[in-house]
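Participant: Got a structure for you, written out below as structure tokens; questions coming shortly.
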Amino acid sequence: MRPLLRTLLLWPVLWLALSQTTAWQWLLAPLAAPGQTVLFDRTSLAALALAHVEIVGLALGAVLLVALPLGIWATRAAGQPFLGAVRSLGTLSQTIPPVAVLFLALPIFGFGRQAVVLALFVYGLMPSMQGVLTGLSTVSPAVREAARGMGLEGFDLFRQVEWPLALPALLAGVRTSAVLLTATATLAPMVGVESLGTPILAGLAVDNTAQVAEGTVAVALLAMLTSATLRSLEHILTPWSRQTA
């Protein structure tokens, strides 16, 4: 529990750090050319980070709503014939560039958050889907048979045996999806949605290295803290996997 508490306490620290405009100005000033604005000044970095987290949270929620039930169904007897197709669906989603999904979604959703969430959902689906499929598919048949010998069947077998054994792979997949989405959400400004990609794209447009670095460093910090938080959550939810390792 302590590692998770430590990482959770780092979130307000990160937000406090992102709010220190003077410090960012001082750190990034050497990267700006004479006469250039050092920081993106239309929206605060903390506000952009909050918008970034909201987009990632919506997309990750959509990923889990699809990956969990679809992955569980594909590893049950009824869905077993479709397991290969479900795996291919997850792999295919990873091969489609998020930028392509963004612009394909424009005629349907127009500029705005819906197009961004759709693109992130498509791109982030594979790691979570593969985590569910791998975790449930690799449960030993001998373990299942032993559980049945103890009287466990159906949902009880799934809840008490298969789900706990699959949880480490599942959580690792979710963590990978979350980090990928955190990085990819920098594309959101391309369809008019603010995120930590806003200073990056604004800086690239005017050759302002300081603003590019502002967004890049903030995204990197957010991705690292997201990964650390979810890894700490894994340790709490799967203590047995740590002991066997």
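The values are calculated or read from the model by the stated rules, or taken from the named source; none is laboratory data. Everything numeric in this text was worked out from a predicted model, so none of it was measured. Neighbour counts run over all protein chains shown; Cβ positions are idealised from the backbone, glycine included.
Participant: One residue is enough: does region 87-98 have a residue meeting the conditions in contact (Cβ under 8 Å) with a residue 60 or more places away in the chain and either under 24 Å from Ser227 (Cβ atoms) or assigned to a helix (DSSP H, G or I) (or both)? Give the derivation first.
Facilitator: Residues of region 87-98 that are in contact (Cβ under 8 Å) with a residue 60 or more places away in the chain, as a first pass: 98.
Those still in the list that are either under 24 Å from Ser227 (Cβ atoms) or assigned to a helix (DSSP H, G or I) (or both) too: 98.
Yes; the residues of region 87-98 include at least one that is in contact (Cβ under 8 Å) with a residue 60 or more places away in the chain and either under 24 Å from Ser227 (Cβ atoms) or assigned to a helix (DSSP H, G or I) (or both).
Participant: Something else: Take the residues of region 152-169 that are touching a Gly at 6+ places or on another chain (Cβ under 8 Å) and without any contact (Cβ under 8 Å) to a residue 60 or more places away in the chain: which is surrounded by the fewest Cβ atoms within 10 Å (Cβ to Cβ)?
Facilitator: The initial filter retains those residues of region 152-169 that are touching a Gly at 6+ places or on another chain (Cβ under 8 Å), namely 165-169.
From what's left, without any contact (Cβ under 8 Å) to a residue 60 or more places away in the chain: 165-166, 169.
Working: Leu165: 18, Ala166: 24, Ala169: 20.
Result: Leu165.
Participant: Another question, then. Which members of region 1-45 meet the condition of being part of a helix (DSSP H, G or I) and surrounded by fewer than 12 Cβ atoms within 10 Å (Cβ to Cβ)?
Facilitator: Arg2, Leu5, Leu9, Pro12, Val13, Leu16, Thr22, Ala23, Trp26, Pro30
Participant: Any residue at all in region 71-79 that's touching a His at 6+ places or on another chain (Cβ under 7 Å), of a type outside the set (Asp, Glu) and surrounded by 12 or more Cβ atoms within 10 Å (Cβ to Cβ)?
Facilitator: No; the residues of region 71-79 include none that is touching a His at 6+ places or on another chain (Cβ under 7 Å), of a type outside the set (Asp, Glu) and surrounded by 12 or more Cβ atoms within 10 Å (Cβ to Cβ).
Participant: Residues in region 131-159 that are among the charged types (D, E, K, R) and under 23 Å from Ala172 (Cβ atoms): how many?
Facilitator: Of the residues in that region, 2 qualify.
Participant: Going by the conditions given, is Ala62 under 14 Å from Gly215 (Cα atoms) and part of a helix (DSSP H, G or I)?
Facilitator: Here the answer is no, as Ala62 does not meet what is asked.
Participant: Considering each residue of region 135-151, count those that are within 29 Å of the chain's Cα centre (by Cα), in a helix (DSSP H, G or I) and either crowded, with 18+ Cβ neighbours inside 10 Å or free of Cβ contacts under 8 Å to residues at least 12 places away in the same chain (or both), and give that number.
Facilitator: Of the residues in that region, 2 qualify.
Participant: Okay, moving on. Run Arg159 past the list (1) in a helix (DSSP H, G or I); (2) modelled with pLDDT under 90; (3) over 25 Å from Leu233 (Cβ atoms) and report the number of the one that doesn't hold.
Facilitator: Only one criterion is unmet by Arg159, namely (3).
Participant: Let me ask something additional. Considering only residues of region 206-227 that are crowded, with 19+ Cβ neighbours inside 10 Å, over 14 Å from the mean Cα position of the chain (by Cα) and not charged (D, E, K, R), which is nearest to Arg42 (Cα to Cα)?
Facilitator: So, considering only residues that are crowded, with 19+ Cβ neighbours inside 10 Å, over 14 Å from the mean Cα position of the chain (by Cα) and not charged (D, E, K, R), the one nearest to Arg42 (Cα to Cα) is Gln211.
Participant: Same structure again: With (1) of a type outside the set (Lys, Arg); (2) modelled with pLDDT of 95 or more; (3) farther than 30 Å from Leu221 by Cα as the list, and Leu83 as the residue in question, which single condition is left unmet?
Facilitator: Result: Leu83 passes all but (2).
Participant: Filter region 1-36 down to residues that are polar (S, T, N, Q) and at pLDDT 90 or above and give me whichever is nearest to Ser195 (Cα to Cα).
Facilitator: Looking at residues that are polar (S, T, N, Q) and at pLDDT 90 or above, I get Ser19.
Participant: Going through Val116, Val132, Val99, Val86 one at a time, which residue ends up being surrounded by 18 or more Cβ atoms within 10 Å (Cβ to Cβ) and within 24 Å of Ala51 (Cα to Cα)?
Facilitator: Val116
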